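Quick note: the coordinates plus some simple rules give every number you see, no bench work behind them. For clarity, every value in this text was computed on a predicted model and none was experimentally measured. Cβ sites come from the backbone with ideal geometry, for glycine too, and all protein chains shown count toward neighbours.
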Amino acid sequence: QVQLVESGGGLVQAGGSLRLSCAASGSIASINHMGWYRPAPGKQRELVASITSGGSTNYADSVKGRFTISRDNAKNTVLLQMNSLKPEDTAVYYCNARALTVAAQWSRNYWGQGTQVTVSS
């Protein structure tokens, strides 16, 4: 199994910054995608940003130019630097990893418990 532990959420004023961190642990053979999601109207969760093991990134249009995702493959961690935060960024942010464990034949998605980000106006 794989455990994802998030940290870095909190309360910030509009225009401020926060950095989210997620560390994966367990019997990990490899991790392909890592990313961050948040709830969205009409959806269970929407992609905020993701990054592959090779460093390719993908962002939601609403966060492009403000958020930056990065990854340390050796430490199985992913960071989300959030700048110029807006009240509409308020949400619980969930870390996601598509990982292959040592005993498994196929990779699967794993989720963290979520970390609250609140942006006040």
Point-charge dipole on Cβ atoms (K/R +1, D/E -1) for the chain, about Cα centre, debye to 20: 120
Compactness of region 67-120 - radius of gyration and Dmax, Cα, Å: 14.2, 45
Among G26, G54, G42, residue whose mean-square fluctuation peaks in a GNM of the chain (springs only between Cα atoms under 10 Å): G42
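Which whole-number value in Å³ per residue fits the convex hull of the alpha carbons of the chain?
Considering the Cα atoms of the chain, their hull volume per residue is 93 Å³.
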q = 0.13, 0.30 Å⁻¹: log10 I(q)/I(0) that the Debye formula gives for region 28-89, counting C-alpha atoms only: -0.36, -1.33
Cut-off of 10 Å, at most 16 other beta carbons, DSSP loop: longest stretch of the chain lacking such trypsin sites (Lys or Arg not before Pro): 1-63
